[in-house]
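Here the structure comes first, spelled out in structure tokens, and everything after it is commentary.
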Amino acid sequence: MDSALVWFRRDLRLDDHAALHAALRGARRVHCAFVFDRDILDPLLAEGARADRRVEFIHGSVVELDRTLRAHGGCLLVRHGRAVDEIVRLADRLRVDAVFANHDDDPFALARDRQVAAALRADGRSLQTRKDHVVFERDEVMTAQGTPFSVFTPYRNAWLKKLAPFYLKAYPVERHLAALAPPADDAAVPDLGTLGFAPTNLAELQIGAGERAARLALEDFAGRIDRYAAARDFPSRKGPSYLSVHLRFGTLSIRRAAALAVDRIAHHGPDAEAARGAQAWLGELVWRDFYQMILAHHPRVVEQAFKPEYDRIRWADPAPLLDAWRDGRTGYPLVDAAMRQINRTGYMHNRLRMVVASFLTKDLGIDWRHGERYFARHLNDYDLASNNGGWQWAASSGCDAQPYFRIFNPMTQSERFDPDGAFIRRYLPQLAGYTAAEIHAPWRASPARQREAGCVIGVDYPAPVVDHAAARAATLQRYAVARDRAD
């Protein structure tokens, strides 16, 4: 093959890049491109969302990727337009034989890729795609009957059984970089303002974009991974990996992430107590593959319940209480602190994602789709498959979801996972005057104690919008229609 074009999407790195490696090995000259896709960005601007942390993260990662390519004699051709037009136009102008890209099983991405492939084919070119975003995808881990799994535990067992060093071996991109096409005159990366967006608080939050930041984050987590299982559920501790945004946009290779866990397990021995952290982290990566597989085989889950009987539920009118949930004004401190975290930072601790999702669907009785869409708009690491899977898990409508009768008690969750109230105080400083015993349910304090704490419930902080016990009873009644259907 004389020449090829590599189309970067959710894989903004040079290291261990499947499509780039295939193009460099298969073509004499390789061009690289990225498109700020107006089919994605224009709807954000139409909503008035000029300050979007994800767009700024992507922009910073693209700037770094271009800089890295230039250091190796190439460049990144950056366009702002509709990807379905710009990629075909670039392929024609550069006279490439093929366009290389990595798989993306988001239904929007699949439709876009079909359109690009058809246009390229009409010009005598091809779109060649590779697996890169997951360890195992689509049909690689199936039941003994050759059907997709719908329960996580047997999927995880089959996933772990299939895992071998081959699947985590990094693609040696650096060996073949001499094939990069030299820089072009029109390869400058447009600034955020040109794209229609403005800077956010990403720098203030110390969320670094690009491959170098991802590498540093992985190194930092490597020093903490042994404590991951014990620390990950406590939002005031530095327990999570904080790698999700890098895995989402591909500034970090999934193979590098999984290899860290596998190597640490091998170092300690699979039965060692010290290996529990790495095993728990690897389990989270298996969940990630699981939800990607579910989306690939069941794209209807984007709008429908995985278990169809759960679409029979008559959800409560969201109007009175949805805004209180969104704004962190429910009167339940852990829920409100979590919502203020996502609103302020674009991040939410994983344990809290489950708590607030359970609260929306089972305390407020609001359709999980409202919450899923809100997370989709605000999470820096938003990924359709994982976000949808997590929300349907919480709502009991998804594959291998929590039972309908499992309803998180927000006070119990608060007492268990934020026992001294440190996380609550960070995002709800008005509650700082309450003791660790009081802060999880401050409305239970006497009026005199509330005044002493400097925060009167119903005046300085909302009273609970629902009674948890009554809401639980209402949820069991609401879910009866789905339960009876399932039985």
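A quick yes/no check of all residues on (1) in a helix (DSSP H, G or I); (2) of a type in the set (A, V, I, L, M, F, W, C):
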residue	(1), (2)
Ala338	yes, yes
Arg351	yes, no
Val355	yes, yes
Tyr382	no, no
Asn388	yes, no
Trp393	yes, yes
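Scanning the stretch 466-479 for residues that are within 21 Å of Gly331 (Cβ to Cβ), aliphatic (A, V, I, L, M) and touching a residue at least 60 places away in the same chain (Cβ under 8 Å) yields a total of 3. Taking the listed residues Gln477, Gln392, the one that is within 28 Å of Arg237 (Cα to Cα), of a type in the set (S, T, N, Q) and not assigned by TED's automatic domain parsing to the domain that holds Asp289 is Gln392, with no other qualifying.
Every listed requirement among (1) without any contact (Cβ under 8 Å) to a residue 40 or more places away in the chain; (2) in contact with a Phe, Trp or Tyr (Cβ under 9 Å, 6 or more places away or on another chain); (3) assigned to a helix (DSSP H, G or I); (4) over 25 Å from Asp327 (Cβ atoms) is met by Ala482 save one, (1).
Of the candidates Pro190, Pro199, the single residue that is closer than 20 Å to Gly346 by Cβ and either of a type outside the set (D, E, K, R) or modelled with pLDDT of 95 or more (or both) is Pro199.
Considering only residues in the stretch 324-374 that are over 19 Å from Ile457 (Cα atoms) and among the acidic types (Asp, Glu), the one that is nearest to the chain's Cα centre (by Cα) turns out to be Glu372. When the stretch 407-455 is examined, which residues are found to be touching a helix residue (DSSP H, G or I) at 6+ places or on another chain (Cβ under 8 Å), closer than 21 Å to Arg340 by Cα and aliphatic (A, V, I, L, M)? Scanning the stretch 407-455 gives Met411, Ile424, Leu428, Leu431, Ala432, Ile439, Ala441. Counting the residues of the stretch 160-190 that are acidic (Asp, Glu) and either in contact with a Cys (Cβ under 6 Å, 6 or more places away or on another chain) or in a helix (DSSP H, G or I) (or both) gives 1. Contact map, the stretch 431-442: first residue within 17 Å of His468 (Cα to Cα), second residue buried (at least 23 other Cβ atoms within 10 Å of the Cβ) and aromatic (Phe, Trp, Tyr), Cβ cut-off under 6 Å, separation 6 or more or different chains; pairs are Pro442/Tyr434.
With a requirement of 3 or more residues that are surrounded by fewer than 19 Cβ atoms within 10 Å (Cβ to Cβ) and not hydroxyl-bearing (Ser, Thr, Tyr), the helices (runs of 4 or more DSSP H) lying completely within the stretch 398-473 that satisfy it span 410-417, 447-453.
Selection of the stretch 205-214 for residues being surrounded by fewer than 19 Cβ atoms within 10 Å (Cβ to Cβ) and either within 17 Å of the chain's Cα centre (by Cα) or in contact (Cβ under 8 Å) with a residue 40 or more places away in the chain (or both) yields Leu205, Arg212. Considering Ala257, Ala222, Ala198, Ala230, the condition of being touching a residue at least 24 places away in the same chain (Cβ under 8 Å) and buried (at least 19 other Cβ atoms within 10 Å of the Cβ) is satisfied by Ala257 alone.
Cβ separations smaller than 7 Å between residues 6+ apart or across chains give no pair from the stretch 305-326 residues that are not assigned by TED's automatic domain parsing to the domain that holds Leu352 to residues that are surrounded by fewer than 17 Cβ atoms within 10 Å (Cβ to Cβ) and of a type in the set (Ser, Thr, Tyr).
The values are calculated or read from the model by the stated rules, or taken from the named source; none is laboratory data. Because the structure is a prediction, the values reported are computed rather than measured. Note that each Cβ is placed from the backbone with ideal geometry, even for glycine, and that neighbours are counted across all protein chains shown.
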